[in-house]
Amino acid sequence: MTERHVPRVIALVDQRSAGLPIPTAAFAAETRITADGLLTDQRTRPLRDLRISVTDRCNFRCSYCMPKEVFNKDHLYLPHSALLSFEEITRIAKVFVAHGVQKIRLTGGEPLLRKNIESLIAQLAQLRTPQGHALDLTLTTNGSLLARKAHALKAAGLQRVTVSLDGLDDAVFRSMNDVDFPVADVLAGIEAAREAGLGPIKVNMVVKRGTNENQILPMARHFRGSGMVLRFIEYMDVGASNGWRMDDVLPSSEIVKRIHAELPLVQLDPSNVGETAERWGYANAAGQHDKTLGEIGVISSVTQAFCGDCNRARLSTEGQLYLCLFASQGYDLRSLVRDPVQQADLESVIGHIWRGRNDNYSESRSTQSGDSAPAQRRVEMSYIGG
Ligand code: SAM
Ligand code: SF4
Ligand code: SF4
């Protein structure tokens, strides 16, 4: 494995508590928005997907997310008192569900590091949409603790997991996670998740040109026909610490081309609106999708903007609401949920915030030139989750 350039790591600017003003209780009460599941933003995008970060800590140091040089022993993580409690998360999530959220993804940091995460899952599993349906409840993990926890997660009410895995070659994988974690343990975690019934399992691979691009084909071969969906993610300019450069991005079109040359693919329709991945099915000899071989997904967050259908909101570990992965500031919902008087306004305030949303970072980036991340301060991925 070779690095094509000396990694540049940029010191972290702490954006964590720099909250945007929330619509005041008086304003929100005057023009009260009652949840009816039909909320839309300025671009008529509904609110369907809530990603909740449950910890800002992680036992990996992936260079594209929490580079060692920045997230070192001097890095200050949030104190426990700053984190939303499980009851607070559930109270906020309930309001989001009333406004139209159908899917909740727990993330981080590494979500399985949060103590008693099963208890939060059990509370969230009780929530119902206005139509009376259970949520699509899922979790993204680096898989390191999955072998130990899969059964308890399932028993608590988790439906499925997405596991991040950046290569099959042990040396490449150890160097990607940068803490010398063996790939065999993550593969054992995936197997445990399958046995526990946490499927359909998705496997996410972030592709960094010159670093793990030689793992694309081994990964495709390994997961083809496994019943799991492997998704390739373009290395993104999230946060401000990973020293992102356009040169490090391997476009999804190139990934599809390389796989197609050995394992023929056919393009599939999106499974639902707001779906981030473009789907490609493995083809049979007649050039048609062979469902027994399954499919891959490519997430082209850099080369192909998909803001038009973006229906995702993100709640940070300390209760800041972010309307875009690339936002520099969030709205402080923790102060509302902790205030006995103001918490009654949560429904209306969230309604006002989403109605005012106009974010389209990926689209506007693709109209700009430039091959390094903009100087604008942005929040870290490990803080708001992916
Ligand atoms: N620790 C968990 C994990 O790795 O799955 C959950 C949190 S992690 C921030 C969520 C997802 O974001 C992972 O699939 C990770 O690979 C992805 N990610 C992090 N930094 C990224 C970047 N710069 N570009 C693309 N994806 C990134
Ligand atoms: Fe940790 Fe996930 Fe970020 Fe890797 S991508 S450092 S596993 S939070
Ligand atoms: Fe959604 Fe922001 Fe990503 Fe666009 S850039 S798809 S608005 S999160």
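The values are calculated or read from the model by the stated rules, or taken from the named source; none is laboratory data. The shown structure was predicted, so the numbers you read here are calculated from the model rather than taken from an experiment. So basically every Cβ, Gly included, is an ideal-geometry build from the backbone, and we count neighbours across all protein chains shown. Note: areas computed on protein heavy atoms with side chains; ligands, DNA, RNA excluded. Shrake-Rupley method; radii C 1.70, N 1.55, O 1.52, S 1.80 Å.
For q values of 0.15, 0.16, 0.22, 0.30 Å⁻¹, compute log₁₀ I(q)/I(0) with the Debye formula on a Cα-only model of region 211-256, without solvent.
-0.48, -0.54, -0.85, -1.17
Just the accessible area per residue of region 19-384, please: how many Å² with a 1.4 Å probe?
For region 19-384, the per-residue accessible area is 41 Å².
About its Cα centre, what dipole magnitude does the chain give when the only charges are +1 on Lys and Arg Cβ and -1 on Asp and Glu Cβ, stated in debye to the nearest 20?
Using only the charged Cβ atoms, the result is roughly 420 debye.
Over region 277-347, with a single point scatterer placed on each C-alpha, what log10 of the ratio I(q)/I(0) does the Debye formula yield at q = 0.14 1/Å?
Each listed q maps to, in turn, -0.67.
In whole Å, how far is the Cα centre of region 287-301 from that of region 124-186?
21
Counting helices only, and only those DSSP H runs with n ≥ 4, report the 222 nm mean residue ellipticity of the chain as the sum of -39,500 (n - 2.57) divided by its residues, in deg cm²/dmol to the nearest 500.
My calculation for the chain gives -7500 deg cm²/dmol from helical runs alone.
Along the charge dipole of the chain, which of L84, F173, A286 sits closest to the positive end, that is, farthest toward it, with unit charges on the beta carbon of Lys, Arg, Asp and Glu (+1, +1, -1, -1)?
L84
Of the accessible area of the chain, with the probe set at 1.4 angstrom, what percent is carbon plus sulfur?
On the chain, the fraction of accessible area on carbon and sulfur atoms equals 51 percent.
In percent, how large is the relative contact order of region 19-384, given Cα pairs closer than 8 Å and 6 or more residues apart?
So the answer I get is 23 percent.
Regarding region 27-185, what are the three Cα extents along the principal axes, ordered largest first, in Å?
In descending order, the Cα extents are 56, 34, 33 Å.
If each residue of separation counts as 0.36 nm, what is the full-extension length gain between T31 and Q304 once their alpha-carbon separation is subtracted?
Length gained, T31 through Q304: 94.5 nm.
Once R0 is set to 30 Å, what does the formula 1/(1 + (r/R0)^6) return for the Cβ-Cβ distance between S81 and E191, expressed as a FRET efficiency to the nearest 0.05?
With a Förster radius of 30 Å, E is 0.20.
Would you mind giving the three semi-axes, in whole Å and largest first, of the ellipsoid equivalent to the chain according to its Cα gyration tensor?
Equivalent ellipsoid semi-axes, largest first: 32, 23, 22 Å.
Which of the lysines could a cross-linker span from K257 if the Cα-Cα distance has to be under 27 Å and same-chain partners fewer than 8 positions apart are dropped?
Once the sequence-local lysines are set aside, what remains near K257 is K202, K208, K291.
Taking 0.36 nm per residue of sequence separation and subtracting the Cα-Cα distance, how much length would be gained by fully extending the chain between S328 and N116, in nm to one decimal?
73.3 nm
Which listed residue (L250, L333, A156) has the Cα farthest towards the positive end of the charge dipole for region 19-384, taking +1 on Lys and Arg C-beta and -1 on Asp and Glu C-beta about the Cα centre?
A156
Return the distance in nm (one decimal) between the two label points of a simple spin-label model at D170 and A286, each offset 7 Å from Cα along Cα→Cβ.
Each label point is offset 7 Å from its Cα along the Cβ direction, giving 4.4 nm.
How much length would be gained if the chain were fully extended between T44 and S335, taking 0.36 nm per residue of separation minus their Cα-Cα distance, in nm to one decimal?
Additional length available on full extension: 101.9 nm.
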